[in-house]
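Participant: Can you keep this structure in mind? I'll have questions shortly.
The values are calculated or read from the model by the stated rules, or taken from the named source; none is laboratory data. A quick note: this is a predicted structure, and the numbers were derived from the prediction, not measured. Here the Cβ positions follow ideal geometry from the backbone for every residue, glycine too, while neighbour counts run over all protein chains shown. Calculation scope for accessible area: heavy atoms of the full protein, side chains included, ligands and nucleic acids excluded. Shrake-Rupley method; radii C 1.70, N 1.55, O 1.52, S 1.80 Å.
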Amino acid sequence: MALDKKLLRTAEFPTIWCPGCGHGVVTQGVIRACNDMGWDKDDIFAVSGIGCSARTTAYMDFNSVQTTHGRALAFATGMKAAHPEKHVFLLLGDGDCMSIGGNHFMHSCKRNIDLTVVVLNNFIYGMTGGQVSPTTPHNAISTTTAYGNIDEPVDICKIAIAAGATFVARTTAYHAAQIPDLVKRGFKNHGFSVIEVLDPCPTGFGGRNGFKAVTQMYDKLRDNSITIEQASKLSEEELEGKYVIGVFKDSTREEYLDKYKRMVEGIKNSTAPKDLSANSNYKAEPLKAPRYECRLSGSGGQGLLMSGIIFCETMIRQGKNAVHAQSYGVEARGGKSRSDVIVSDGEINFPEVASADLLLAMTQDSYEEYRGGVKDGGMIVTDSTFVKAEKIPGRRCYEYPITNYAKDTLGEIRSANILALGIITGLNKFICKDAMMDTVLGRLPKKVHELNIKAFEEGYEVGRKMLESKEAE
Amino acid sequence: MANTVSINLKWCKKCGLCAHYCPKGVFELDKFGTPSVKAEDQCVGCMQCEIRCPDFAITVAKK
Amino acid sequence: MSTKMKVCLLQGNEACAEGAIAAGCNFFAGYPITPATEIAEALSKRLPQTKGMFLQMEDELACMGAVCGASLTGAKAMTATSGPGFTLLQENIGFAIINDIPCVIADVQRGGPSTGLPTLSAQGDVMQARWGTHGDHQMIALAPSSVSECYYLTVEAFNYAEKYRTPVILLSDAIIGHMRERIDIPETNEGLNIFNRIQPAKGRKDYRPYDAEGAAVWGVPEQANIGTGYRNYMSGCCHDETGSPKMGSHTVARQLVGRLCDKITHNRDDIVRYENKYAQNAKLVVLAYGSVARPAEAAVKEALAQGMQVGFFRPITLWPSPDKEIIQALNSADTVIVPEMNYGQYAGEVERILGAAGKSVKVVKLDELGSEMILPNTILSKIKEVY
């Protein structure tokens with residue numbers, strides 16, 4: 001079959017590679033495969049990393065993208081995911097693929113995304129002068145293993161199979177005629193395909209490891225290659241120094257982007273933000289000051305984040321401006337929790353409580369930490385289940401066994417935060433009871449609505465009584 | 001069959017692979033390793049030289 | 001025709017995600033990291049809902065690679081992270097810069113360096129946003145001070161990315177990212193003036209992907225999305241206008257790097273955003289950005305209420321820095337107070353700007369490195385101290 005020279009980016013020739021370098025053989029094999037597939041050149045994305053192998057894509061007249069070291073698969077994943085109809089393949093060196101790119105290689109195999117990777121394995125980091133790579137043979141000499149490589153090489157095909165690739169094969173640059181066939185099979189596999197090609201680096205590897213001519217390196221590939229069937233009959237010792245070539249895996253698994261498409265087609269809902277535009281039914285008294293500050297404090301797990309958000313949302317439903325800021329410790333459970341809600345009819349600058357109009361303290365610790373930050377004339381509401389509160393001059397102090405009531409009377413300790421919200425609503429006439437109730441029901445799942453209505457109503461009554469008692473004073 | 005074998009010397013890097021693997025002795029290398037087509041009439045069109053040339057420097061046209 | 005607005009309660013990170021959707025973002029590659037994870041979580045739902053692509057990648061190195069790859073094909077692509085992840089993104093931010101690739105990176109800052117304070121806010125990535133990746137380059141970075149700005153500046157970030165074909169950083173922080181406040185957003189994105197990258201006409205014989213001669217936006221090549229009819233070879237190497245690597249020549253490199261830097265500095269008047277409020281030509285100005293602008297403005301208002309003449313300057317683009325505008329705002333000033341949650345990173349930039357302009361204004365740093373937001377009273381005390 002004649003190679004269509006129109007597939008070559010001839011302006012970049014002659015190639016940068018050393019005489020005899022196997023990369024040129026592999027490049028030709030890949031171009032022949034593309035030739036046979038009959039694809040439109042504009043639909044082909046040829047992606048490479050860094051190294052001598054990276055230059056392969058320069059010589060192909062496709063959309064050729066040489067990326068950063070080890071990251072070619074990430075780039076190719078982005079390209080393919082954005083345009084699944086395009087034909088995307090990669091040419092990677094052994095270092096680029098297995099060392100710096102190892103994690104991306106493993107995850108691409110796992111994803112089984114429709115990409116074909118041709119690994120040009122020349123057992124060395126060639127471009128930088130011949131350092132040891134993950135596939136350098138044991139005892140081999142390189143510029144960073146002057147005393148012989150003490151490490152063992154990794155088997156790229158075995159890793160690809162273990163990680164989930166669906167087409168995995170190996171050949172060598174000697175077996176040049178096999179390259180287009182295997183690469184085409186990779187192209188046709190609708191999933192992640194890996195074709196490893198062992199190819200000679202005469203300069204970086206050959207000269208240091210006893211090869212006098214590059215032809216000797218090709219001869220060695222010829223003489224030491226065995227098929228999978230032949231390998232199955234040999235012992236571990238007999239396999240030493242042999243190159244097993246052939247197709248190791250050719251299977252089917254649903255491709256990643258097909259799964260994504262299927263998922264997208266099944267989606268009917270939208271989580272676009274809800275419109276909380278002012279409801280004229282929400283009537284309440286106006287705010288008494290330009291800025292109202294409320295601090296809900298206690299420990300993690302008491303539902304103060306949710307209460308704060310509900311309070312904030314209620315204010316917005318009432319047409320006001322409101323901010324909610326949360327602060328907590330690193331623990332997933334327990335630890336401190338603090339929810340600040342600032343309300344205003346105008347701009348809110350500082351989004352946290354500086355001097356609280358109302359402090360809710362659901363633990364002794366939080367009561368002691370924040371009681372000093374309540375303004376003159378402000379309110380302090382404590383949960384007497386946990387807090388021993390004192391009378392503080394100039395502050396209106398209220399207490400109620402919030403958690404005990406929730407646990408013993410309502411039968412659910414987790415309704416304490418809504419009971420507390422009820423108290424806060426009862427205590428403040430600028431809060432519309434209906435608005436708060438609507439927000440509570442909107443934010444909590446249906447199955448707990450009945451419980452939380454009870455909790456809120458109880459709290460509201462308690463709050464109103466507290467307010468009237470103080471106003472009567 | 002009379003195939004033609006041509007070498008693009010601008011791209012050729014004188015690696016010697018063509019001459020090494022040609023089963024019919026079509027190529028000859030000079031003292032610098034530069035290949036030339038010595039026995040084109042011997043060419044059987046196996047294509048080993050073309051597909052093995054790392055530099056795309058050889059074209060075999062089968063007649 | 002006015003667009004119908006809806007009133008919402010959103011968290012800063014959620015607003016950033018919504019802004020991205022409004023801007024036309026159709027590709028997100030992210031990795032979980034506190035305090036930015038909510039952006040990924042929101043987009044993991046919104047993108048499939050809007051037929052876009054969401055990918056959780058194996059690490060931030062892959063995120064930025066995927067973002068570049070997708071953007072090259074024409075996608076409006078984004079990632080979101082915090083300090084440690086931002087460090088990992090730098091490698092491919094450099095790739096995006098050298099290849100004129102539009103993309104948006106949200107960095108929701110937390111305490112650093114290294115793992116630092118995962119759940120506490122800081123502003124320590126300011127200089128990293130400017131110089132995180134190696135080599136000479138310019139950068140566009142926007143600092144939101146409210147939930148509303150998380151939305152609208154994300155839209156702006158995408159517009160800048162598309163217009164100037166460059167990475168744009170949304171430099172948020174844990175306070176802004178996690179707080180919730182009222183935000184009014186449009187039902188549709190009609191009024192948002194969405195900018196889409198300019199594409200070349202098809203079939204041009206003289207097409208060169210990195211050639212900005214005669215471009216509609218100064219210095220910005222009208223580069224074809226890959227796969228749409230023009231094929232070229234691109235790489236992270238210094239290259240000429242065809243994309244061919246030219247690594248043996250400082251001349252070519254200088255031309256390339258020069259254009260990449262100049263395309264931002266030449267267009268800075270269009271890019272720079274800021275706010276200059278309250279007393280003009282005051283002797284004392286407070287300069288603050290991001291979450292710290294909130295208590296700073298509160299402190300300035302209180303100072304004015306107490307009879308002091310104090311100005312307030314808020315850079316919205318941290319980079320390129322609003323240098324001319326800062327000089328103008330400090331025209332009559334003796335002192336500028338720069339409160340920030342880092343060791344004086346932007347105060348250093350203000351000193352540089354003043355030095356370059358030959359102006360002697362005292363720069364007073366106020367670097368609170370505690371866990372809480374800087375309190376208005378702390379700033380007010382400093383104002384009173386130096387007034």
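Participant: Arrange the peptides C:69-80, C:349-360, B:52-63, A:23-34 so that the one whose residues have, on average, the most other Cβ atoms within 10 Å appears first. Before the final figure, lay out each step's value.
Facilitator: Values: C:69-80: 28.4, C:349-360: 14.7, B:52-63: 20.2, A:23-34: 26.3.
Going by the mean number of other Cβ atoms within 10 Å, highest first, we get C:69-80, A:23-34, B:52-63, C:349-360.
Participant: Out of the DSSP beta bridges found with both residues in the protein assembly as shown, what percent are antiparallel (nearest 5)? Before the final figure, lay out the partial values.
Facilitator: Details: 49 of 127 bridges.
Within the protein assembly as shown, antiparallel bridges account for around 40 percent of the total.
Participant: Given the options C:289, C:31, C:233, which has the most mean-square fluctuation in a GNM of chain C, springs set between C-alpha atoms less than 10 angstrom apart?
Facilitator: C:233
Participant: Which of the aspartates and glutamates could be linked to residue C:163 by a straight reach, that is with a Cα gap under 17 Å, when you skip same-chain ones fewer than 8 residues away?
Facilitator: Correct list for residue C:163: C:100, C:211, C:213, C:222, C:262, C:269, C:270.
Participant: Dividing the alpha-carbon radius of gyration of segment C:100-208 by 2.2 N^0.38 Å (N being the number of residues), what value is obtained?
Facilitator: Working: Rg = 16.9 Å, N = 109, 2.2 N^0.38 = 13.1 Å.
Normalised by 2.2 N^0.38 Å, the Cα Rg of segment C:100-208 equals 1.29.
Participant: Ignoring everything except DSSP H segments at least 4 long, calculate the 222 nm mean residue ellipticity for chain C; use -39,500 (n - 2.57) per segment, divide by total residues, nearest 500. Intermediate results must be reported in sequence, preceding the final value.
Facilitator: Numbers: 13 runs with 146 residues, N = 387.
When only DSSP H runs of four or more count, the value is -11500 deg cm²/dmol.
Participant: Show me, for segment A:213-228, the HN-Hα J-couplings you get by feeding each phi into the Karplus relation (A = 6.51, B = -1.76, C = 1.60, θ = phi - 60°), rounded to Hz, glycine and proline as x.
Facilitator: Once θ is set to phi - 60°, the couplings for segment A:213-228 become 8, 5, 4, 5, 5, 5, 4, 5, 4, 5, 6, 9, 7, 10, 7, 4 Hz.
Participant: Between residue C:45 and residue A:254, what is the label-point separation in nm under the 7 Å Cα-to-beta-carbon projection?
Facilitator: Here the answer is 2.3 nm between the modelled labels.
Participant: Among C:101, C:140, C:33, determine the one that fluctuates most according to a GNM of chain C built with springs between C-alpha atoms less than 10 Å apart.
Facilitator: Per the Cα network of chain C with a 10 Å cutoff, C:33 tops the list.
Participant: Quick one: Debye curve from the C-alpha atoms of chain C, no solvent, what's log10 I(q)/I(0) at q = 0.09, 0.11, 0.12 Å⁻¹?
Facilitator: -0.52, -0.78, -0.92
Participant: Another question about this same structure. Filter the cross-link list A:242/B:24; B:13/B:63; C:277/C:362; B:38/B:63; A:288/C:382 down to pairs whose alpha-carbon distance in this structure exceeds 22 Å. Display every interim value, and only then the final one.
Facilitator: Working: A:242/B:24 29 Å; B:13/B:63 27 Å; C:277/C:362 20 Å; B:38/B:63 18 Å; A:288/C:382 31 Å.
Exceeds cut-off: A:242/B:24; B:13/B:63; A:288/C:382.
Participant: Which GluC sites (Glu not before Pro) in segment A:389-418 sit in a loop by DSSP (not H, G, I, E or B) and have at most 16 other Cβ atoms within 10 Å of their own Cβ?
Facilitator: On the way: sites: A:390, A:399, A:412; in loops: A:390, A:412.
Passing both the DSSP loop test and the Cβ count: A:390, A:412.
Participant: Here is a further query. Residues of A:13-23, mean number of Cβ from any other protein chain within 10 Å of their own Cβ, rounded to a whole number?
Facilitator: Working: counts 6, 8, 6, 1, 4, 3, 9, 10, 4, 3, 1.
Per residue, the number of nearby Cβ atoms from other chains is 5 on average.
Participant: Could you let me know the centre-to-centre spacing of segment A:393-432 and segment C:181-251, using Cα atoms, in angstrom?
Facilitator: One Cα centre to the other: 59 Å.
Participant: Per-residue accessible area for residue B:11 at 1.4 Å probe radius, Å² rounded to 10?
Facilitator: Here the accessible area works out near 40 Å².
Participant: Here's a follow-up. With each pseudo-label sitting 7 Å past Cα toward Cβ, what's the residue A:391-residue C:237 distance in nm, one decimal?
Facilitator: Roughly 8.6 nm, to one decimal.
Participant: Still on this structure, please answer the following. Could you tell me the distance between the Cα centroids of segment A:80-108 and segment C:336-357, to the nearest Å?
Facilitator: 43 Å
Participant: How much FRET efficiency would the formula 1/(1 + (r/R0)^6) give for residue A:39 and residue C:193, where r is the Cβ-Cβ distance and R0 is 25 Å, rounded to 0.05? Display every interim value, and only then the final one.
Facilitator: Numbers: r = 39 Å, r/R0 = 1.56.
Computed FRET efficiency for residue A:39 and residue C:193: 0.05.
Participant: How large is the Kirkwood hydrodynamic radius of segment A:340-436, in angstrom, based on all distinct alpha carbon pairs?
Facilitator: Values: mean 1/r = 0.0697 Å⁻¹.
Averaging 1/r across every pair of different Cα atoms and inverting gives 14.3 Å.
Participant: Rank-order A:414-424, A:161-171, C:276-286 by packing density, defined as the average count of other C-beta atoms within 10 Å over each peptide's residues, highest first. Present the calculation step by step, with values, prior to reporting the outcome.
Facilitator: Details: A:414-424: 27.3, A:161-171: 22.3, C:276-286: 19.0.
Most protected by this proxy first, the peptides run A:414-424, A:161-171, C:276-286.
Participant: Mind checking the angle between helix C:345-356 and chain C's longest principal axis? C-alpha axes, 0 to 90 degrees, to the nearest 10.
Facilitator: Roughly 90 degrees between the two axes.
Participant: Another one. If the cut-off is a Cα-Cα distance under 22 Å, which lysines reach residue A:274, setting aside same-chain residues fewer than 8 apart in sequence?
Facilitator: Once the sequence-local lysines are set aside, what remains near residue A:274 is A:283, A:320, A:433, A:446, A:447, C:4, C:6, C:45, C:51.
Participant: Between residue A:429 and residue A:235, what length comes free when the chain is fully extended (0.36 nm per residue of separation minus the Cα-Cα distance, one decimal in nm)? Please report the intermediate quantities before stating the final value.
Facilitator: On the way: separation 194, 0.36 × 194 = 69.84 nm, distance 8.67 nm.
Separation in residues times 0.36 nm, less the Cα-Cα distance, equals 61.2 nm.
Participant: Now for a different question. To test your reading of the geometry: what angle, between 0 and 90 degrees and rounded to tens, separates the Cα axis of helix A:102-111 from the longest principal axis of chain A?
Facilitator: Approximately 80 degrees, to the nearest ten.
Participant: What FRET efficiency, computed as 1/(1 + (r/R0)^6) with R0 = 60 Å and r the Cβ-Cβ distance, is obtained for residue C:255 and residue A:447, rounded to the nearest 0.05? List each step's numbers first, then the result.
Facilitator: Numbers: r = 67 Å, r/R0 = 1.11.
It comes out at approximately 0.35.
Participant: Would you please give the FRET efficiency between residue A:281 and residue C:381, computed as 1/(1 + (r/R0)^6) with r the Cβ-Cβ distance and R0 = 41 Å, to the nearest 0.05? Show your work: numbers first, answer last.
Facilitator: Numbers: r = 46 Å, r/R0 = 1.12.
So the FRET efficiency works out to roughly 0.35.
Participant: If you count only protein heavy atoms and use a 1.4 Å probe, how large is the accessible surface of residue A:396, to the nearest 10 Å²?
Facilitator: Around 80 Å² of this residue is reachable by solvent.
Participant: Per residue of A:442-448, how many C-beta atoms from partner chains lie within 10 Å of its own C-beta, taken as a mean? Each step should come with its number before you reach the end.
Facilitator: Numbers: counts 0, 0, 0, 0, 0, 0, 0.
Neighbouring Cβ atoms belonging to other protein chains average 0 per residue here.
Participant: Moving on to the next point. Taking 7 Å along the Cα-to-C-beta vector as the label spot, tell me the residue A:404-residue A:216 distance in nanometres, rounded to one decimal.
Facilitator: Roughly 9.3 nm, to one decimal.
Participant: Averaged across the residues of B:50-63, what count of C-beta atoms belonging to other chains lies within 10 Å of each residue's C-beta? Show your work: numbers first, answer last.
Facilitator: Values: counts 4, 10, 11, 5, 18, 12, 12, 4, 0, 3, 1, 1, 2, 0.
For this peptide, the per-residue mean of nearby foreign Cβ atoms is 6.
Participant: Dividing the alpha-carbon radius of gyration of chain A by 2.2 N^0.38 Å (N being the number of residues), what value is obtained?
Facilitator: Numbers: Rg = 35.1 Å, N = 473, 2.2 N^0.38 = 22.8 Å.
In units of the 2.2 N^0.38 Å rule of thumb, it is 1.54.
Participant: Rounded to the nearest 10 degrees, what's the angle between the helix C:83-98 long axis and the longest principal axis of chain C, both from Cα atoms, 0 to 90?
Facilitator: For C:83-98 against chain C, the angle is about 50 degrees.
Participant: What number comes out for the charge environment of residue C:31, summing +1 per Lys or Arg and -1 per Asp or Glu over other residues with Cβ under 9 Å away?
Facilitator: Details: positive: none; negative: C:58, C:59, C:60.
Neighbourhood net charge equals -3.
Participant: For the peptides A:255-261, A:93-99, C:113-119, what is the packing order when you average, over each peptide's residues, the other Cβ atoms within 10 Å and list the highest mean first?
Facilitator: Values: A:255-261: 17.1, A:93-99: 28.3, C:113-119: 13.1.
Answer by packing, highest mean first, reads A:93-99, A:255-261, C:113-119.
Participant: Could I ask something else about it? In the full protein assembly as shown, how much of residue A:198 is accessible to a 1.4 Å probe, in Å² to the nearest 10?
Facilitator: Residue A:198 exposes around 10 Å² with every protein chain in place.
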